[in-house]
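Just so you know, all these numbers are worked out from the coordinates, no wet-lab data involved. Note that the coordinates shown come from a computational prediction; the quantities given were computed from them, not determined experimentally. Neighbour counts run over all protein chains shown; Cβ positions are idealised from the backbone, glycine included.
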Ligand SMILES: [Zn+2]
């Protein structure tokens, strides 16, 4: 089965789609990362869907992680959507000062 002629044909076929299957098979870590990124997109889409459907009937004031620090926001208790900024009085009350 594995004569020289057959192997040569195989390698030609492999080269034709070298950027596809072969590279992915060789780099399991990259494939895992791509799978996780795909999962992340799916999860983010699900969260967006839940937040879009939510009536935000119960608002609470919470500290929310932003890019550089924590900020205080009105947040829906059910879905976690940011609904707006509290007034300075509300912030004072929240911080207990
Ligand atoms: Zn909500």
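Quick notes
- Rounded if a/c under 1.5, otherwise prolate or oblate - region 55-97, Cα gyration tensor axes: oblate
- Here the contact order of region 55-97, divided by its residue count and restricted to Cα pairs under 8 Å and six or more residues apart, works out to 31 percent.
- Ascending count of other beta-carbon atoms within 10 Å, so fewest first, for 97, 87: 97, 87
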